[in-house]
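The values are calculated or read from the model by the stated rules, or taken from the named source; none is laboratory data. Computed from a predicted model, the values in this text were never measured in an experiment. Reconstructed Cβ throughout: ideal geometry from the backbone, glycine too, with neighbour counts over all protein chains shown.
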Amino acid sequence: MHIVHVFIHVKPEFLQAFVDATLANARNTLQEPGVARFDFVQQTDAPNHFVLVEVYRSPDDQLRHRETAHYQTWRDAVAEMMAEPRTAYRYTNLFPAEEGWG
């Protein structure tokens, strides 16, 4: 599995618009065959901080995700909503074994 955590800090005035755009992207992303999981989480004590937890079956599946219309629509829609550039970290799962996913 190819796992990506994307950390996002949103300007307060765009909070609801960001949530709406990201929910639409998440729902569509889950329909992609190479996506095992896609979580959209909000920080409890700082509600304009979010993390996307993206689990792909391979790094190529993440590349294919970036080519989708729904991702590109999301990327363009939320660009000006960011309080700072988003950051992403990539991981490989050690446990559970891949057959336990998706």
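Considering the stretch 68-86 alone, what residues qualify as being over 13 Å from Asn28 (Cα atoms) and either of a type in the set (A, V, I, L, M) or exposed (fewer than 14 other Cβ atoms within 10 Å of the Cβ) (or both)? Before the answer, list the steps.
We begin by selecting, within the stretch 68-86, every residue over 13 Å from Asn28 (Cα atoms); these are 75-86.
Result: Arg75, Asp76, Ala77, Val78, Ala79, Glu80, Met81, Met82, Ala83, Glu84, Pro85.
Only helices (runs of 4 or more DSSP H) whose full extent lies in the stretch 1-96 are considered here, and the ones with at least 2 residues that are at pLDDT 95 or above and aromatic (Phe, Trp, Tyr) are 69-78. Scanning the stretch 1-37 for residues that are hydrophobic (A, V, I, L, M, F, W, C) and over 18 Å from Arg86 (Cα atoms) yields Met1, Ala24, Leu30, Val35, Ala36.
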